[in-house]
Structures are given as structure tokens and as C-alpha cells.
């Protein structure tokens, strides 16, 4: 078992952080916060891990597949085939449960040679696959090699994981995370954004800016509103800033890198208001009024809800099937991969995001837990992707242990 790693960093010394010894504890400096880097040790994998996991009453968990390396995002075909991206291998696996026992008994490589492939979506019998700079399209039949649909996305930088989703109107929405923690981006047009494309791959618009890394996003099934989970900046202390649930509205700026949470000014941001274009699509803020940080933040969009800092929300998917209890229909579920940037680890679970009858979010509650021990020293999984099988049960991928879990209700 790996050892627990804990490093405390003063913010003022972050530039030299990589030079710190592995177990160094640095004194606080005035105006700084204590920043921890703690990675829970990875527990040894076995099929018995499912016995550690907890779900609400009436639900059950089983191991759907294991030995997958580092499975990331998933999509399920009409015939029940589960397609799984593996960014580190640059490929996509196809898994099938042929005998209906809730476990995959067939595995094959569906596509390969896809550099840093992460995001995946299904449209009109074809898979869309998103790498750091490219989106490919390939038929489910697998008879043709994936062809480039979108190319020239900004290079990866700090956030290499791209996501692609299909909007209710058939257009495509691609997430492009920031290249850094809190800098003034050199590419003001495309980085830290969500971008809309036609189904044929032509860019329509930059929907929203100031989104540091919104990988999990989905449309409410009834209202059609786009909701997204954004990652807050690192190196701000254990509890700052929170992760954000945002209502994504075209033409809005969501604050990063100058603001966090409820339009709070980040005093440690490297960027200035003069460096940022408030309107999506503006290549530079030239001609914009000179704003203070407080004035700039007051013009940005605040989050609707927040989660604990550094929880690392990844996939977010609404539930529209009928297997789960009726009160869960049209709620969303979010995979929290887990923190590395605080002294008391958080995340390492799947949460339910409850929505009211009018389509407004009400709050988060634990759904699938048990991947992290009570002391926060050992983890048995880091949830990444969420998908729904045809019977309405949930799949959750874990890129730490190379497994996929299935959560079902009843039976």
C-alpha cells in the first residue's frame, strides 16, 4: 500500500512549491493561508470492495467490470454496449453484459489511436469522442475509423480533459478548461469556456466564459436549462474556494480567474480586470471600462449552489429512467473524484443533486459512498464517469482501481 503524502505550502511560496521536500511543513506568512497537498493511499483492489460501499436503502451495488486500467467517461449504446474512454491509452473499450447478470462478460477495443480521448457522447448512431485538441466521430458499428469532426481546440495546459455533450437541439457543446490555475489566459476566446458547435462541427458561439474547468454539465430534462459543475482554483487553503454549480446562460462570465463563489474577489489571482474579456467571444477587453476587481466581480454570475472545496466534480448526468424511485427522476448525479489539495480529503463519492418541481436545484446529498475511509488516509476508488444502462441502473467508473460499478434499485 502506498504511503500517505502530506505537504503544507504557504501561498506566497507557491512558485517554488515543486522544490519543497516531500514532507515539508512551511511556516505561515502574513496574508497567506496554509495549503496542504494530501493524497490518500490507494487501497488494494479486490471484488470485495463493493462490501465497503454504501447506497441509500433499497439500492444495491455490484462490480460491473474490473481490470480496465484507467476508465474515464462512458456512454451506453441502444443495445446496452458500454463504451468507455481511456485517456492514458488513447482508446475506447466496448463492454457487454450478454447474460443479463449485471456484469460485463465481453470486452473489446472499439477504437484506438485517439490522443488523450476523454469525453464521449452518442448522437444518431455515432459516438463523439473528445481529446484535448480534437473531437472525432465514429459509427457504433465500428466498421470505419474515427474521423475528425472538430480540430484546433486550444492545447491542454493544466486541464487536458475535454468533454463533449449533445444539446437538446442537436448542437454539440464542448468544454475547454483553463490552461492554468489562475492566470490571465493568452487565449481569451476559447479557454475556460463552453463552446457550441453544429452537429457537422462548425463553431456557432462561445456560450460562457470564466469557467475554470466545467467537465460535468447536462440539461434539465423538463426545463432545458444547462447546468454545470465548475472546479475552483487550487492553492487557496483547505476550504477555499468552493466548487460551483452554475446555471449556464449564453453571454455570461462566471468569474474565474478573478472571482470565486458568490462573486468574491480572489486577492491572489494573477489576472487583472484589464486582462479579461467579460463578453464571450471578445478577443481582448480593449475598449472596456476600467474596472476594479470588486466591480468586475459584481458583473459576473454567482453560483446557484456550492460544494466543498477541491471535491473535483467530474461527470454530471440527469436521471430520466424509471428504475430509481420516482422522487429521483429529473435529479442529477455528480461524480466527485476527490481532493488532493486539502488536509482533510473530501469527495471520493457520487452525490445526488436534488431539483424541485420547478426545475430549481435544492441541494446535494450523498448517494454512493465508502471509497474513502473515515480517517481520510486510504481510498478504494475515485469516481469519474456516470452512465445509465437501458434498465435504468447506474454505472460509475473508477480510474484509480480500473473498475466500473453498477448501482440498481430493488431486485
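Where a number appears in this text, it was derived from the coordinates with a stated rule and is not lab data. All figures in this text were calculated on a predicted structure; none of them were measured in a lab. Cβ sites come from the backbone with ideal geometry, for glycine too, and all protein chains shown count toward neighbours.
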Practice item. Largest first and in whole Å, give the semi-axes of region 352-392's equivalent ellipsoid, each being the square root of 5 times a Cα gyration tensor eigenvalue. Key: 26, 17, 7
Review point. On full extension of the chain, what length is gained from residue 375 through residue 184, given 0.36 nm per residue of separation minus the C-alpha to C-alpha distance?
Key: 65.0 nm
Point to revise | Sorted by Cβ neighbour density within 10 Å, fewest at the top, the residues 290, 209 | key: 290, 209
Practice item. Can you tell me the equivalent ellipsoid semi-axes for the chain? Use √(5λ) from the Cα gyration tensor, largest first, whole Å. Key: 32, 27, 20
Review point. Fewest first, what order do 132, 143, 46, 343 take by the number of other Cβ atoms within 10 Å?
Key: 143, 46, 343, 132
Review point. Fewest to most neighbouring Cβ within 10 Å: what's the order for 73, 328, 316?
Key: 328, 316, 73
Check your understanding: Which value in nm describes the separation of the simple spin-label points at residue 340 and residue 48, placed 7 Å from the Cα toward the beta carbon?
Key -> 2.9
Exercise for review: Place the peptides 87-96, 397-406, 144-153 in order of packing, highest mean first, counting for every residue the other Cβ atoms within 10 Å and averaging per peptide.
Suggested key: 397-406, 87-96, 144-153
Review point. Given the Cα atoms of region 55-195, and with Rh set as the inverse mean 1/r over their pairs in the Kirkwood sense, what is Rg to Rh to two decimals?
Key: 1.02
**Study point:** Candidates 361, 325, 280, ranked by Gaussian network fluctuation over the chain, Cα under 10 Å, top entry
**Key:** 325
Review point. How many angstrom lie between the C-alpha centres of region 359-394 and region 158-176?
Key: 22
Review point. Which whole number of Å³ per residue matches the convex hull of the alpha-carbon atoms in region 238-342?
Key: 132
Check your understanding: What is the mean projected area of the alpha carbon convex hull for region 165-298, to one decimal in square nanometres?
Key -> 8.2
Revision key, fill the gap. Expressed in nanometres to one decimal, the distance between label points 7 Å along Cα→Cβ at residue 360 and residue 292 is 3.2
